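Written out below as structure tokens is the structure these notes cover.
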Amino acid sequence: MSEEDTNFQKPLSHKKSSSNSSTSSHTSNSSNSSHSSHTTYSSSSDSPNSLNSFSLYSPLNWTNYFDEEKFIEIPSTGDIFHLYSCNPPLKDGIVFLCLHGASHSALSWATTAKEIKALKSGGVLAIDFRGHGQTKTKDDTDLSVNTLVNDIGHVLNLFFNSVIPQIVIVGHSMGGGIAVKVARLSILKEKIKAICLIEASEGAAVRSLKVTKTFFDNRPQSFTSLEEAIKWSNQAGVVRNIESARVSVPSQLIHDSSSNYYIWRTNMSLSEPYWLSWFQGLSTSFLSLSCPKMLIFANQDRLDINLITGQMQGKFLLHIFSDCSHTIQEDQPLKTAIALTEFSQKCFF
């Protein structure tokens with residue numbers, strides 16, 4: 001969440017191979033995800049170019065970006081977590097563990113994963129947090145820090161069958177706050193070799209909380225089609241890269257059968273009590289990690305006083321991608337993939 005962005009933001013397992021899957025949407029009762037102030041977005045279709053516009057904003061399939069989709073059930077809870085992966089790491093390889101921001105999904109990493117795969121930089125694992133994407137838990141509204149951190153630990157242990165490879169953990173916005181705490185999990189001791197935060201800093205997040213609330217309250221709460229949602233996201237500047245919007249935005253929505261509209265998968269008003277906790281102590285905790293560290297921001301002003309001090313002390317590598325919105329990895333996937341690749345090479349070679 002950032003002020004700039006919000007001005008417009010041995011398990012039981014089932015897997016699908018890329019050859020047998022299509023873009024999916026979920027069906028839900030509107031009482032689970034609706035908001036008190038409801039606005040439906042529907043752009044005019046009277047233009048003679050409306051059919052071309054419809055095609056321009058049509059959803060793209062995950063199979064163009066990842067190798068595998070998988071659902072992992074946590075035996076002790078019955079919670080089922082959804083994830084995507086590509087370039088499975090060899091025994092001595094590395095994997096980029098990618099954690100998305102609030103209201104987004106694992107597919108916010110799709111275009112970056114494709115570039116990482118092309119660069120042969122390592123494996124990529126992107127997980128839907130509870131309450132997001134296709135992950136289903138007994139309590140999708142519990143987005144507390146400890147719950148989200150423990151969820152990731154369980155999923156990693158099961159996905160890698162307790163043999164966890166070397167990890168470069170990458171977190172965007174809320175995912176950055178969780179990434180710093182995941183890096184301290186005992187089961188990942190010696191496994192987290194480096195960390196990169198994208199658009200995640202305590203100072204910037206705290207400053208923009210009111211603006212963030214305004215953004216989520218005022219954005220359209222439903223859409224007549226997935227194409228309309230993609231179009232809104234792109235034209236509002238939430239995701240400037242149309243390709244990324246076409247693959248990531250549909251995963252943020254579910255189909256409400258009662259109204260026949262598409263509504264947001266994550267009810268951000270219910271998660272508001274957790275917003276501050278995702279970022280509290282983030283900067284100092286990040287700086288105290290012993291592994292190599294990198295930050296990627298869209299603007300220099302994202303740096304708070306602790307990060308400014310850390311930068312002057314040379315405690316982390318900093319990239320500023322000024323031609324991006326808050327969703328840097330979606331707007332500039334190649335630049336992000338190159339930065340991650342070069343960073344990981346410095347850490348491992």
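Read-outs throughout are calculated quantities, based only on the coordinates presented, and are distinct from any laboratory measurement. Here the structure is a predicted model, which is why all the values come from computation and not from measurement. Positions of Cβ are backbone-derived with ideal geometry, glycine not excepted, and every protein chain shown enters the neighbour counts.
Some notes on this structure:
- The residues packed around Asp304, meaning those with a beta-carbon under 9 Å from its beta-carbon, carry a net charge of +1 if Lys and Arg are +1 and Asp and Glu are -1.
- Charged side chains reduced to their Cβ positions (Lys and Arg at +1, Asp and Glu at -1) give the stretch 209-300 a dipole of some 260 debye around its Cα centre.
- Note on Thr39/Lys213: beta-carbon distance plugged into 1/(1 + (r/R0)^6) with R0 of 22 Å gives a FRET efficiency of 0.90.
- The stretch 58-200 shape via C-alpha gyration tensor axes, a/c threshold 1.5: rounded
- Shape of the stretch 181-303, Cα gyration tensor, a/c cut at 1.5: prolate
- Environment charge of Tyr274, counting only residues whose C-beta is closer than 14 Å and scoring Lys/Arg +1, Asp/Glu -1: -2
- Entries of Lys117/Lys138; Lys70/Lys231; Lys70/Lys293 with Cα pairs more than 31 Å apart: Lys117/Lys138
- Rounded if a/c under 1.5, otherwise prolate or oblate - the stretch 304-349, Cα gyration tensor axes: oblate
- Karplus-based coupling profile of the stretch 184-198, in residue order and whole Hz: 9, 4, 5, 5, 9, 4, 6, 9, 7, 8, 6, 9, 10, 10, 10, with θ = phi - 60° in 6.51 cos²θ - 1.76 cosθ + 1.60 and x standing for Gly or Pro.
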